[in-house]
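Trainee: The structure that follows is given in the form of structure tokens.
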Amino acid sequence: MAEYALRTFRLHEMFPEQYMLYVGDEKMRMPHELVGPNFVCRYTLLDIRTLDEEALLASPFANDSVIAVLTEHRDRRKTIQRILQRIATLESGRRDDALKKLMILAGLRKLGDTIHAEVNQMPILNDIMDHDFLGPLIRKGRQEGEIKILRNQLGKRFGELPAWVDDRLTNLSTSELEDLSLRLFDAKTLNELFVR
């Protein structure tokens, strides 16, 4: 902050009013000034959790809504829903950019799973499924869920499963897994089920 203030002074012959926004998860502990012999540099240090979530969500700028994911939430799920609803109104390129930013910032608060759950319940799911970052994550989650259910069904029907079954399951698409779950009822052996 001191270096930035001096560079600004050299360029514009005036000192800037400086603000630092803390976005960490731990309690804010950093100093808000640098003091030395005959030198003082002070700046305003704010913990983002103290910002008004409602003001960010109501802002005309979509990026402000995204930043609201870092604030202290009155109702976390409702806040995430409002952010996603706002993102859904953007045109495709801006929507993709906002979703990427949201996922990065949500990682700072370990909210990825919550956002994933909300995305699955929203009517914009089809557009999000086309998203280059979120789409694969959602598809992977669905595939893992299908594999888990199918593995339990196979174990119930055929007993302890050999290792090759897991290898085969992980290489199947969601639609192939669904097909396999239907054929499970007619197959007499694991080999018969997987030969096709």
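The values are calculated or read from the model by the stated rules, or taken from the named source; none is laboratory data. Source: prediction; values computed, not measured. Heads up, the Cβs are rebuilt from the backbone with ideal geometry, glycines too, and the neighbour counts pull from every protein chain shown.
Trainee: Quickly run through the stretch 153-175 and pick out the residues that are within 12 Å of GLN143 (Cβ to Cβ) and surrounded by 14 or more Cβ atoms within 10 Å (Cβ to Cβ).
Mentor: LEU169, LEU172, THR174
Trainee: Condition first: of a type in the set (S, T, N, Q), buried (at least 20 other Cβ atoms within 10 Å of the Cβ) and either touching a Pro at 6+ places or on another chain (Cβ under 6 Å) or not assigned by TED's automatic domain parsing to the domain that holds MET28 (or both). Can you find one or more residues in the stretch 87-98 that meet it?
Mentor: no
Trainee: Let me ask you something else. Are any residues in the stretch 164-191 touching a residue at least 24 places away in the same chain (Cβ under 8 Å) and in a helix (DSSP H, G or I), and if so, which ones?
Mentor: VAL165, ARG168, THR174, LEU177, GLU178, LEU180, SER181, LEU190 - these are the residues of the stretch 164-191 that are touching a residue at least 24 places away in the same chain (Cβ under 8 Å) and in a helix (DSSP H, G or I).
Trainee: Among the residues of the stretch 63-104, which ones are of a type in the set (Gly, Ala, Ser) and at pLDDT below 90?
Mentor: Matches in the stretch 63-104: ALA88, SER92, GLY93, ALA98.
Trainee: For the stretch 41-55, which residues satisfy the criterion of being of a type in the set (A, V, I, L, M, F, W, C), without any contact (Cβ under 8 Å) to a residue 40 or more places away in the chain and closer than 30 Å to GLU3 by Cα?
Mentor: Hits for the stretch 41-55 are LEU45, LEU46, ILE48, LEU51.
Trainee: For the stretch 176-196, which positions are closer than 26 Å to PRO136 by Cα and surrounded by 11 or more Cβ atoms within 10 Å (Cβ to Cβ)?
Mentor: Matches in the stretch 176-196: GLU176, LEU177, GLU178, ASP179, LEU180, SER181, PHE194.
Trainee: Among the residues of the stretch 6-52, which ones are surrounded by 10 or more Cβ atoms within 10 Å (Cβ to Cβ) and charged (D, E, K, R)?
Mentor: ARG7, GLU33, ARG42, ASP47, ARG49, ASP52 - these are the residues of the stretch 6-52 that are surrounded by 10 or more Cβ atoms within 10 Å (Cβ to Cβ) and charged (D, E, K, R).
Trainee: Counting only residues that are loosely packed, with under 15 Cβ neighbours inside 10 Å, under 26 Å from ASN171 (Cα atoms), at pLDDT 65 or above and not acidic (Asp, Glu), how many does the stretch 106-132 have?
Mentor: 3
Trainee: May I pose another question? Out of the stretch 12-31, which residues are under 19 Å from ALA2 (Cβ atoms), touching a helix residue (DSSP H, G or I) at 6+ places or on another chain (Cβ under 8 Å) and of a type outside the set (A, V, I, L, M, F, W, C)?
Mentor: Across the stretch 12-31, the qualifying residues are PRO16, GLN18, TYR22.
Trainee: Do we have PHE15 as touching a Ser or Thr at 6+ places or on another chain (Cβ under 8 Å), more than 27 Å from ARG109 (Cβ to Cβ), of a type in the set (A, V, I, L, M, F, W, C) and not assigned by TED's automatic domain parsing to the domain that holds GLU72 here?
Mentor: yes
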